[in-house]
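Undergrad: Can you keep this structure in mind? I'll have questions shortly.
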Amino acid sequence: MRVGPVPPWRPLAVVVRPTYAHIDLDAIQANFQAVVSHVGGRSGGVEVIAVVKANGYGHGAVPVARALEAAGARMLACADIEEGVELRRGGVRAPILVFGALSVSDLDGVFSYDLTPTISSPFAARALREEASRRGTRVRCHLKIDTGMNRLGFRYDNLAGTIPVALAGAGLEIDAVYTHFATAEDPAHPLFDQQRERFDEALARLSALGVRPRVRHASNSGALLRDPTTWFDAVRPGLLLYGVAPPEWAERLSLRPAMTLHSRVVAVKGMRVGETAGYGAREAVTRPTTIAIVPAGYADGLDVRLAGRGSVLVRGRRVPVVGSVCMDSITIDVTGLDVTPGDEVVLLGSQSGGVIGAGDVAAAIGTVPHEILCRTGSRIVRTYDGEPSPSASPATP
Ligand SMILES: *Cc1c(COP(=O)(O)O)cnc(C)c1O
């Protein structure tokens, strides 16, 4: 479902390596719409702040942000000022919330590029206030409360001591107050409900201190699927927009993965019993084995722990990654399959009915799907909707 026209986007690369990612911007727009519907639509008053930090979770910040803007996102969020500047330079016009701590040196970007900073410490408040008054202007901010994550934010239990000093003067306009959950993906952890209660208390205390924000927000993807009482006035999904849900709550929303990762077999060979493949010479094979070499390695973002744990799709079958993950290649066990150089390999995505999702890869190595998406290597060319598929070009085995 395409909601609005996607502005044209062309990657700069002319030569496309056999290992490349394809990004389905339609899927990202549809996922955004799915979240909007889930939280009740705009008339229900819950806004969706679309998180595009870390290069749009590896999908490409600018094309993703522009697709989300075209789909109706009224606010985007990124990790730091530099990411915000990149979005503005790429033509994004929607308000951009910056999550991160602010340092003195790059505050200029907030003003020159019209970003919405987060005040998460007395230091940030002072620096912003001083810069605003130097420029004779006011700055609209979001205030962050730490309700138990112990990362950024003003401690929830000490607001009377910190907030009046931090917000003194006229330069800072607190448009929103937010917090962030530490255990949204863990159904059994009691901290989740405690954080919610602490956020409610903090909002009441702030109100007594004269801070009455227009918007309150708390939920990332996991929290918004887990508990509608954490929606407040806005939600902040990242992962869901890219078509991946935290496994605990995955059935609650139907999504389309936006990234597929492809490569091709470049060589096929036999191994005798007792031989090993790759660095470290671990795991001798116990039967005659056919392996295929795939030109994607840890420099492309593949985790070295995938050796012996991960799998890929080739000829419609799921086959294991064996040997070691090298910088530029992996070996896969294709014994019994009719695999030849040039065959397509799917590292993320589907092939002839088989599917490997970011969640599967994450589970195989004990991490979160966010990490799998974000680490997609910088040398991997992203192709987008409407781009000719590199797989149409001749194979170079
Ligand atoms: C990254 C991030 C999000 C989005 O998290 P997901 O789990 O990807 O939905 C939301 N809020 C903050 C403060 C974040 O840093």
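Undergrad: Convert 25 °C to kelvin, take the viscosity as 0.890 mPa s, use the Kirkwood radius over C-alpha pairs of region 125-226 as Rh, and evaluate the Stokes-Einstein diffusion coefficient in µm²/s, rounded to a whole number.
TA: Numbers: Rh = 14.4 Å.
D = 170 µm²/s.
Undergrad: With a 1.4 Å probe and all protein chains in place, put 326, 141 in order of accessible area, largest first. Write down the numbers at each step before the final one.
TA: Working: 326 25, 141 0 Å².
Putting 326, 141 in descending order of accessible area: 326, 141.
Undergrad: Just to confirm, what accessible area per residue do you get for the chain at 1.4 Å probe, in whole Å²? Show your work: numbers first, answer last.
TA: Working: 17240 Å² over 397 residues.
Value for the chain: 43 Å² per residue.
Undergrad: Output the Kirkwood hydrodynamic radius of region 105-180, Cα pairs only, in Å rounded to one decimal.
TA: Working: mean 1/r = 0.0795 Å⁻¹.
Averaging 1/r across every pair of different Cα atoms and inverting gives 12.6 Å.
Undergrad: Taking K and R as +1 and D and E as -1, what net charge do the other residues with C-beta under 13 Å from the C-beta of residue 192 add up to? Mind showing how you got there, number by number?
TA: Values: positive: 196, 198, 226; negative: 185, 186, 193, 197, 227, 248.
Around residue 192, the charge tally is -3.
Undergrad: Go through 83-89, 183-189, 284-290 and give me the packing order, highest mean Cβ count within 10 Å leading. Don't jump to the answer; show the numbers that get you there.
TA: Working: 83-89: 20.7, 183-189: 16.0, 284-290: 13.1.
Top of the packing list down: 83-89, 183-189, 284-290.
Undergrad: DSSP loop trypsin sites (Lys or Arg not before Pro) in region 119-184 with at most 11 other Cβ atoms within 10 Å of their Cβ, which ones? Mind showing how you got there, number by number?
TA: Working: sites: 126, 129, 134, 135, 138, 140, 144, 151, 155; in loops: 135, 138, 151.
Answer by residue number: 151.
Undergrad: Now for a separate question. If you wrap a convex hull around the C-alpha atoms of region 25-243 and split its volume per residue, what is the figure in Å³? Numbers along the way, then the final one.
TA: Details: hull volume 24.6 nm³, N = 219.
Spelled out: Cα convex hull of region 25-243, divided by residues, is 112 Å³.
Undergrad: How many angstrom separate the Cα center of region 16-85 from the Cα center of region 206-244?
TA: So the two Cα centres are separated by 16 Å.
Undergrad: By how many degrees, between 0 and 90 and to the nearest 10, does the Cα long axis of helix 191-208 differ from the longest principal axis of the chain?
TA: 30 degrees
Undergrad: Then there's this: Which order do 59, 180 take when ranked by solvent-accessible area (1.4 Å probe, heavy atoms of all protein chains), largest first?
TA: Values: 59 0, 180 40 Å².
I get 180, 59, largest accessible area first.
Undergrad: Find how much the distance from residue 134 to residue 254 grows on full extension, using 0.36 nm per residue of separation minus their present alpha carbon separation; answer in nm with one decimal. Show your work: numbers first, answer last.
TA: Values: separation 120, 0.36 × 120 = 43.20 nm, distance 4.88 nm.
Computed gain between residue 134 and residue 254 is 38.3 nm.
Undergrad: Hey, another quick one. Express in nm, to one decimal, how much length is gained between residue 275 and residue 151 on full extension, taking 0.36 nm for each residue of separation and deducting their alpha carbon distance.
TA: Using 0.36 nm per residue and subtracting the Cα-Cα distance, I get 39.8 nm.
Undergrad: Obtain the radius of gyration and the Kirkwood radius of region 249-397 from its C-alpha atoms and give Rg over Rh.
TA: Working: Rg = 15.4 Å, Rh = 16.0 Å.
Expressed as Rg/Rh, it is 0.96.
Undergrad: Please list, ordered by chain and number, the residues whose modelled amide H lies under 5 Å from the amide H of residue 312; skip anything fewer than 5 residues away on the same chain.
TA: 319, 321
Undergrad: For residue 229 and residue 317, what is the calculated FRET efficiency with R₀ set at 41 Å and r taken between the beta-carbons, to the nearest 0.05? Intermediate values should be presented prior to the final figure.
TA: Values: r = 45 Å, r/R0 = 1.09.
Given R0 = 41 Å and the Cβ-Cβ separation, E is 0.35.
Undergrad: Give or take rounding to whole Å, what are the principal axis extents of the alpha carbon atoms in region 267-326, in descending order?
TA: Projected onto its principal axes, the Cα set of region 267-326 covers 31, 29, 20 Å.
Undergrad: Provide the three semi-axes, in whole Å and in decreasing order, of the ellipsoid equivalent to the chain as defined by the square roots of 5 times the Cα gyration tensor eigenvalues.
TA: Numbers: eigenvalues 381, 98, 74 Å².
Ellipsoid semi-axes (Å, largest first): 44, 22, 19.
Undergrad: How far apart, in nm, are the 7 Å Cα→Cβ label points at residue 112 and residue 168?
TA: Distance between label points: 3.1 nm.
Undergrad: Still on this model: Nearest 0.05, what FRET efficiency do residue 282 and residue 327 give at R0 = 25 Å with Cβ-Cβ as r? Spell out each step's value before the answer.
TA: Working: r = 17 Å, r/R0 = 0.69.
So, using R0 = 25 Å, E works out to roughly 0.90.
Undergrad: Just report the Cα centroid separation between region 161-185 and region 97-157, whole Å.
TA: Using only Cα atoms, the two centres lie 9 Å from each other.
The values are calculated or read from the model by the stated rules, or taken from the named source; none is laboratory data. Owing to the predicted nature of the structure, the values given are computational and were not obtained by experimental measurement. Every residue, glycine among them, receives a Cβ derived from its backbone with ideal geometry; neighbour counts consider all protein chains shown. Side chains included, ligands, DNA and RNA excluded: accessible areas come from the protein's heavy atoms. Shrake-Rupley method; radii C 1.70, N 1.55, O 1.52, S 1.80 Å.
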